[in-house]
Amino acid sequence: MESVLHYIHRNRDRYIAELKEFLTIPSISNNAENRADMERCAAFLKDQLESIGMQKAAVFPTEGHPVVYGEWLGAPGSPTVLFYGHYDVQPVDPLELWISGPFEPTIRDGELYARGAVDDKGQVWMNLKAAEAYLKAQGTLPVNLKLLIEGEEEVGSAHLDTFIQSHQDLLRADVALISDTPLFDRGIPSICYGLRGLAYFQLDLKGSSQDLHSGSFGGTVINPNFALAHLISSLKDSEGRILIPGFYDDVAPMSDREKEELSRLPFDQERFRREVGAPELFGEKGYGTLETVWSRPTLEVNGLCGGFTGEGAKTVIPATAMAKISMRLVPNQDPDRIARLFEQHLKAVTPSSVDLTLTRMHGGNPWLASIDHPAIRAASRAFEKGFGAKPVFVREGGSIPVVTTLAETLGLSTVLMGVGLPDENAHAPNERLDLGNYQTGIVSIAHFFDQFSRS
Ligand code: BES
Ligand code: ZN
C-alpha cells in the first residue's frame, strides 16, 4: 500500500494533465454532430486502459454510442470488482455563461473547470489512476478488476441493458463500484445508498392545422398554450402535492432509523436556499428539504414552448404547444406503472378541442441498498483512510439507471463512492472538480481495492 500511495503522490501533476486531455474531447451524447467525438473518446479510453496495464481493453459498438470494456484478472482467489462509469457528458448551453470554454479545461483556485469534470469523466479517471498506481508500483492489484464505461448515461443508457444482458459472463463480478455522486459537503466523505428513478415525457398539443390570425379566428378554436397550461396545472396543487390518481400508492416512507440519521447531518436550509438563489424554498408540504430529495417523488416541467416568443408583439393563435415533463420516483414506484397513470390522467383531462401526443422518453428505476453489505463496509473504511473522517450515509435525488440493471441481471450490489461537491455545477455552466477531492478520491479508491480484497 505504501508504494501505491507514494506513486499516487509522485504522479499528481501527470494525473491532472491527463484528465485535462480527456476533458478536451466534446463527448456530448445528446448531440448527433458529436458522434465522431464519442468514437474518439471511446478509443482514447481504450488506449488508456491498455497503457495503465489492463490485460484486455476493447471498444464494443452498440446501436447507440460505444461501450468501453477493460479487465485485469491477475488475482485468482480474490474478489472481482466491476467498475462502472460514463464518458458521455451533458450539452453545454448556455455557452455564453462559461468563464472558460467547456472543452478547454482550466484550473482556477484548485478547481478544474470543464464539462464532464465532475460528471463523470473526472471521477472515471480517478478510478483508472487508482488501478494504475497498483499496476505500476506493485505489478498487481489486490482484486480482479473489470471496467465498464458507457457513452449514453446522460441520455438514459438506452442500449446498456441489452449490452449487459448479452455479456453476462464477461461482466460477472462480486460487487459494482461507481463514482458518480456528490459528497454531502466539503470534507465529509459520503456513501450513497439510495437513488431516485425517473419517468420522462414529451407532450405535444395541436389545435388548428396552422397558426391563425387572432382577430379573425380568436374565440373560435382552442389555444394550445391555454390547453397546456390547464394540463400542467392539473398535475400538482399549490402545496406541491402531485394530483395524478394513484401516484403515491407505492411510495415507501423513510424508516425511523433513516430519519434519525438524516436529522444528525449538518444540513443548513438557509445556506441551501442561498446557493440555489431562490427567494424562498418551495416543496411538498410536510416534508423537509433533504427528506424530499431523498425519499419523495416529484414532478417537474423541464421546459415548454408554444406560439410567438420573438421580439415585439404578434397577434396569433399558435397551432401547437409542447412541454417536457419528468417525474423523479422513489422506492417502490414502478416507472412503467407511473407512466400509465400519467398517460391516463392526461388523456382524461385533455379537452377534445385539442390533439394530445405523448412520447415516453428515457427512465430508470429507483434504488435503495442495505448499508450492511461487506463492500459498503470496505468503502467506509477506505473513505475514512482517504479523507481522515468517518463517512456519512446518504441518499440522493439523481438517477443512475444502470444500478438496478446490475442488480437484476448480474445479481450485483453497488457501492457508490463519489467525491463531487453539490455546488460543482454538474449539468450547468462552469462545471468543475475540486482537485483536492480528485487526489483524495484516487487514494480512497486505492484503499477500497485493498479493503475489499480483505473482506
Ligand atoms: N451523476 C448523475 C447522477 C446523480 C446526480 C447522482 C445527482 C446523484 C446526485 C448522472 O450523471 C445523471 O445526471 N443521471 C441522470 C440520469 C437520467 C438521464 C436517466 C439524471 O439523474 O438526470
Ligand atoms: Zn449527469
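Sum up the charges of everything whose Cβ sits under 14 Å from the Cβ of Leu19, counting Lys and Arg as +1 and Asp and Glu as -1, but leave Leu19 out. The partial results should precede the final answer.
On the way: positive: Arg12, Arg14, Lys20, Arg115, Lys121, Lys129, Arg432; negative: Asp13, Glu18, Glu21, Glu104, Glu111, Asp119, Asp120, Glu132, Glu431, Asp434.
Overall, the nearby charge balance is -3.
Under 4 °C and 1.567 mPa s, how fast does the stretch 77-138 diffuse according to Stokes-Einstein, given a Kirkwood radius computed over C-alpha pairs? Answer in µm²/s, whole number.
Numbers: Rh = 13.8 Å.
The estimated diffusion coefficient comes to 94 µm²/s.
Taking amide H positions as placed in the peptide plane 1.01 Å from N, state which residues far from Val394 in sequence (5 or more) or on other chains have amide H under 5 Å from it.
Here the answer is Ile191, Cys192, Tyr193, since their amide H atoms fall under 5 Å of that of Val394.
Let me spell out the model: positive unit charges on the Cβ of Lys and Arg, negative unit charges on the Cβ of Asp and Glu, origin at the Cα centre of the stretch 229-383. What dipole size does that give, in debye rounded to 20? Present the calculation step by step, with values, prior to reporting the outcome.
On the way: 19 positive and 21 negative charges, 52 e Å.
Roughly 260 debye, rounded to the nearest 20.
Mind putting a number on the dipole of the stretch 53-148 about its Cα centre? Charges go on the C-beta only, +1 for Lys and Arg and -1 for Asp and Glu, and I need it in Debye to the nearest 20.
Values: 7 positive and 11 negative charges, 110 e Å.
Around 520 debye, computed over the stretch 53-148.
Between Met322 and Ser233, what is the spin-label point distance in nm, taking each point 7 Å from the Cα along the Cα→C-beta axis?
2.5 nm
Pop out the carbon and sulfur fraction of the accessible area of the stretch 23-139 as a percent, whole number, probe 1.4 Å.
On the way: 2190 of 4360 Å².
Carbon and sulfur atoms account for 50 percent of the accessible area of the stretch 23-139.
Give me the mean projected area, in nm² to one decimal, of the convex hull enclosing the Cα positions of the stretch 280-426. Kindly include the intermediate steps, with their values, before the conclusion.
Values: hull surface 55.9 nm².
The orientation-averaged projected area of the Cα hull of the stretch 280-426 comes to 14.0 nm².
On the Cα set of the stretch 140-197, report Rg and Dmax in Å, please.
Just the Cα atoms of the stretch 140-197 yield Rg and Dmax of 14.5, 40 Å.
With each label point set 7 Å from Cα along the Cα-Cβ vector, what nm distance links Tyr248 and Arg271?
3.1 nm
So the label point goes 7 Å from the Cα of Gln344 along Cα→C-beta, right? Which residues of the stretch 227-266 then have their backbone N under 17 Å from it?
Counting only backbone N, you get 235, 242-251.
For a quick check: with amide H placed at 1.01 Å from N, whose amide H comes under 5 Å from Val316's, ignoring anything fewer than 5 positions away on the same chain?
When sequence neighbours closer than 5 places are left aside, the close amide H contacts are Ser214.
If we count every other residue with Cβ under 15 angstrom of Pro94's Cβ, Lys/Arg +1 and Asp/Glu -1, where does the sum land?
Values: positive: Arg115; negative: Asp93, Glu96, Glu431.
Every neighbour counted, the sum reads -2.
Lys and Arg at +1, Asp and Glu at -1: add these up for the other residues within a Cβ distance under 15 Å of Gln165 and post the number.
Numbers: positive: Arg172; negative: Glu63, Glu150, Asp161, Asp169, Glu408.
Counting the neighbours of Gln165, the net charge comes to -4.
In nm², what is the average projected area of the convex hull enclosing the Cα atoms of the chain? Walk me through the intermediate numbers first.
Numbers: hull surface 92.5 nm².
Hull-based average projected area comes out at 23.1 nm².
Rule-of-thumb check for the stretch 372-455: C-alpha Rg over 2.2 N^0.38 Å?
Values: Rg = 14.2 Å, N = 84, 2.2 N^0.38 = 11.8 Å.
Against the compact-globule rule of thumb, the ratio is 1.19.
So for the stretch 199-308, what are the equivalent ellipsoid semi-axes in whole Å, largest first, each being the square root of 5 times an eigenvalue of the Cα gyration tensor?
That gives 39, 17, 10 Å for the three semi-axes.
Per the Kirkwood treatment, what hydrodynamic radius in Å, one decimal, follows for the stretch 138-283 from the mean inverse distance over all distinct Cα pairs?
Values: mean 1/r = 0.0454 Å⁻¹.
After inverting the mean inverse Cα-Cα distance, the result is 22.0 Å.
Please give, to one decimal in nm, the separation of the simple spin-label points placed at Asp372 and Arg40, each 7 Å out from Cα toward the Cβ.
5.1 nm
In Å and on Cα atoms, what radius of gyration and Dmax does the stretch 302-367 show?
In order Rg, Dmax, the Cα atoms of the stretch 302-367 give 15.9, 49 Å.
Output the Cα-based Rg and Dmax of the stretch 1-160 in Å, rounding Rg to one decimal and Dmax to a whole number.
Every Cα atom of the stretch 1-160 included, Rg and Dmax give 16.1, 53 Å.
In vacuum, with every alpha carbon of the stretch 45-118 counted as one equal point scatterer, what does the Debye formula give for log10 I(q)/I(0) at q = 0.23, 0.26 Å⁻¹? Two decimals, please.
Result of the Debye calculation: -1.07, -1.17.
At q = 0.12, 0.26 Å⁻¹, work out log10 I(q)/I(0) for the stretch 330-394 with the Debye formula, treating every Cα as an identical point scatterer and leaving solvent out; two decimals please.
Result of the Debye calculation: -0.57, -1.09.
When the dipole is taken about the Cα centre of the stretch 70-201, and only Lys, Arg (+1) and Asp, Glu (-1) are charged at their Cβ, what size is it in debye, to the nearest 20?
Working: 9 positive and 19 negative charges, 102 e Å.
Result for the stretch 70-201 is approximately 500 debye, rounded to the nearest 20.
Considering the convex hull of the alpha carbon atoms of the stretch 208-247, report its projected area averaged over all viewing directions, in nm², one decimal.
Values: hull surface 16.7 nm².
Averaged projected hull area, Cα only: 4.2 nm².
Assuming a viscosity of 1.567 mPa s and a temperature of 4 °C, what translational diffusion coefficient in µm² per second does Stokes-Einstein assign to the stretch 1-90, Rh being the Kirkwood radius over Cα pairs?
Numbers: Rh = 14.9 Å.
So the translational diffusion coefficient is about 87 µm²/s.
The values are calculated or read from the model by the stated rules, or taken from the named source; none is laboratory data. Note that the structure is predicted; figures quoted are calculated from it, not measured. With ideal geometry, Cβ positions are generated from the backbone for all residues, glycine too; neighbour counts draw on all protein chains shown. Surface areas here come from the heavy atoms of the whole protein model, side chains and all, with no ligands, DNA or RNA. Shrake-Rupley method; radii C 1.70, N 1.55, O 1.52, S 1.80 Å.
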